[in-house]
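Novice: My questions will all concern the structure given below.
The values are calculated or read from the model by the stated rules, or taken from the named source; none is laboratory data. Since the model is a prediction, treat every value here as computed from it, not as a measurement. Neighbour counts are summed over all protein chains in view; Cβ atoms, including those assigned to glycine, are modelled from backbone coordinates with ideal geometry. Protein only, heavy atoms only, side chains kept; ligands, DNA and RNA dropped before computing areas. Shrake-Rupley method; radii C 1.70, N 1.55, O 1.52, S 1.80 Å.
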Amino acid sequence: MPVVRADGAGVTNQFTTWLAKEYPSIWKACNGKAAPTDYFPTNCGEDHGPQKAQSGSDGVMNYVKSSNAVGAIAMEEYSYPLMANFPVAKLLNKAGYYTLPTQYNVAVALTAAQINNNPKDPNYLTQKLDRVYVNPDKRTYALSSYVYAIIPTAANDQRLSSTPKRQTLADFLYYSICQGQSEIGPVGYSPLPINLVKAGFEQIAKIKKADSKVDLTKRDVSTCNNPTFIAGKPNVNHLAQIAPQPPACDKIGAEPCAEGVGSSNANPGSTGGAKQGGSGSGAGTGSTGNGASGAAGPNGAGGTPTAGGLVTDPVTGELVPASAQGAAQADAVIVPTTLDAGGSDGASGVLTAVVIGLFAGAVVTPVAVTRAIRRRGGA
């Protein structure tokens, strides 16, 4: 039984945008047209079985967790089932792997995100996720998207009527897209990749354009302590480089994975997180780096160092030669970013979108359904 939102919701819009793009004929039969919507059609269940509508994310989660929800399936923001320690279904991507919406898989997926930079388009500055849905990297979680902050940018806007107010906003946004991204992964979100961070800085620059006294010195990608890249090296997506490859059991047609395999979501360098090379001599032995800032050694990202030149594979937990893991990381397909650091300021106006956070939709399933999905085989 599907459980959907009874109210208008961003998660519904993102889910139906994906359906409209990837499965238009199936979605049209439910919605009446192959277009996104904030309100999931409540009559869809008439042809496809019963469905239940609940208000708010908490309402959806509370229902799915209840004893009445055996066999139910829902679409919800990943943070809710994660914080409830509730299972979610892996989603099949274009590379033929089933993946979870971990911070690593979402960050990899969104390196293919684009932004509508046409000021004449009614959807100016909104996200274009077509390439995300078909990102060929096998770590991709296709249902990845992000959210916005809307800020005043006009010089005569009374809501920002002084330099201190504009400076405070600029500093807050700088923190939000940089250092503030470092702790959101374990709670169900993912740090912004470099292409979206650059897009955010383009919008922050408009605050200074409105008021030349605003100081943006050392508030750019060269000082940005965002975990997806190393400050001063914006062309390297650090998190995508160390993101674990999916285990062989998550490939379509393979035997089911054991519980917990492929679900690494801890921060880089922490217990259970992706490992990375040390920043000292760069010996490539898999020494643990300093959070997200450690530079990888010659053998790639590496893992937890052990005796005999072995490291712990972050996906399987098995001991493998350090050089073998480095080779595996080197073979990883890193999707190049799609946005340049510079760009037009576009049309003048009061409101401008600034990208500050990521969002990942998750298919939430009760334990009984999860067990059934594990028997999917080649489906």
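Novice: With a 1.4 Å probe and every protein chain left in place, tell me how much accessible area Phe201 has, in Å² to the nearest 10.
Specialist: Number for this one is 30 Å².
Novice: Find the Rg to Rh ratio for the stretch 68-126, where Rh is the Kirkwood radius over alpha-carbon pairs and Rg uses the same atoms.
Specialist: On the way: Rg = 16.1 Å, Rh = 14.4 Å.
Value, to two decimals: 1.12.
Novice: Using a 1.4 angstrom probe and counting only protein chains, how large is the accessible area of Asp7 in Å², to 10?
Specialist: Looks like 50 Å² after rounding.
Novice: Amide H neighbours of Tyr146 under 5 Å, counting only residues 5+ apart in sequence or on other chains, H built in-plane at 1.01 Å?
Specialist: HN-HN under 5 Å from Tyr146: Phe359.
Novice: Let me ask something additional. Take Arg5, Arg219 and sort them by solvent-accessible surface of the protein heavy atoms, 1.4 Å probe, largest at the top. Working shown, then result.
Specialist: Values: Arg5 30, Arg219 60 Å².
If we order Arg5, Arg219 from most to least accessible, we get Arg219, Arg5.
Novice: Averaged across orientations, what area in nm² does the convex hull of the alpha carbons in the stretch 184-262 project?
Specialist: Working: hull surface 29.1 nm².
The number I arrive at for the stretch 184-262 is 7.3 nm².
Novice: Quick one: with all protein chains in place, what share of the accessible area of the stretch 210-265 is carbon or sulfur, to the nearest percent (1.4 Å probe)?
Specialist: Values: 1340 of 2690 Å².
Whole-percent figure for carbon plus sulfur exposure: 50.
Novice: Could you sort Ile242, Ile150 by accessible area so the largest value comes first, with the probe set to 1.4 Å?
Specialist: Numbers: Ile242 5, Ile150 105 Å².
Largest to smallest exposure gives the sequence Ile150, Ile242.
Novice: Okay, next question. Against the 2.2 N^0.38 Å scaling, with N counting residues, where does the stretch 71-199 land? I'd like the Cα-based Rg ratio to two decimal places. Mind showing how you got there, number by number?
Specialist: Working: Rg = 17.4 Å, N = 129, 2.2 N^0.38 = 13.9 Å.
Relative to the 2.2 N^0.38 Å estimate, the stretch 71-199 comes out at 1.25.
Novice: Ok, one more. Given that compact globular proteins tend to follow 2.2 N^0.38 Å, what is the ratio of the alpha-carbon Rg of the stretch 137-222 to that value?
Specialist: On the way: Rg = 14.8 Å, N = 86, 2.2 N^0.38 = 12.0 Å.
Against the empirical 2.2 N^0.38 Å value, I get 1.24 for the stretch 137-222.
Novice: Could I ask something else about it? Mind scanning Lys138/Lys233; Lys165/Lys206; Lys28/Lys90; Lys21/Lys65; Lys165/Lys218 and naming the pairs with a C-alpha gap bigger than 26 Å? Mind showing how you got there, number by number?
Specialist: Numbers: Lys138/Lys233 24 Å; Lys165/Lys206 14 Å; Lys28/Lys90 24 Å; Lys21/Lys65 30 Å; Lys165/Lys218 19 Å.
Table pairs above 26 Å Cα-Cα are Lys21/Lys65.
Novice: Going from the alpha-carbon gyration tensor of the stretch 1-98, what semi-axes, largest first and in whole Å, does one get by taking the root of 5 times each eigenvalue?
Specialist: Numbers: eigenvalues 89, 60, 34 Å².
So the equivalent ellipsoid measures 21, 17, 13 Å along its semi-axes.
Novice: Oh, and also: So for the pair Asp171, Lys251, with labels modelled 7 Å out along Cα→Cβ, what separation do we get in nm?
Specialist: 5.3
Novice: Once you put a point 7 Å from the Cα of Asp157 and another 7 Å from the Cα of Ala29, both along the Cβ direction, what distance in nm separates them?
Specialist: 4.6
Novice: Arrange the residues Ile252, Ile184, Ile151 by how much accessible surface each exposes, largest first, with a 1.4 angstrom probe.
Specialist: Values: Ile252 75, Ile184 40, Ile151 5 Å².
Descending accessible area places them as Ile252, Ile184, Ile151.
Novice: Using a/c under 1.5 as the rounded threshold, could you call the stretch 108-164 rounded, prolate or oblate? The axes a ≥ b ≥ c are square roots of the C-alpha gyration tensor eigenvalues, and prolate needs a/b larger than b/c, oblate otherwise.
Specialist: Since a/c reaches 1.5 and a/b is larger than b/c, the shape of the stretch 108-164 is classed as prolate.
Novice: Using the Karplus curve 6.51 cos²θ - 1.76 cosθ + 1.60 with θ = phi - 60°, work out ³J(HN,Hα) for each residue of the stretch 107-115 in order, rounded to whole Hz, and write x for Gly and Pro.
Specialist: The phi angles translate into 4, 4, 4, 7, 5, 9, 5, 10, 10 Hz.
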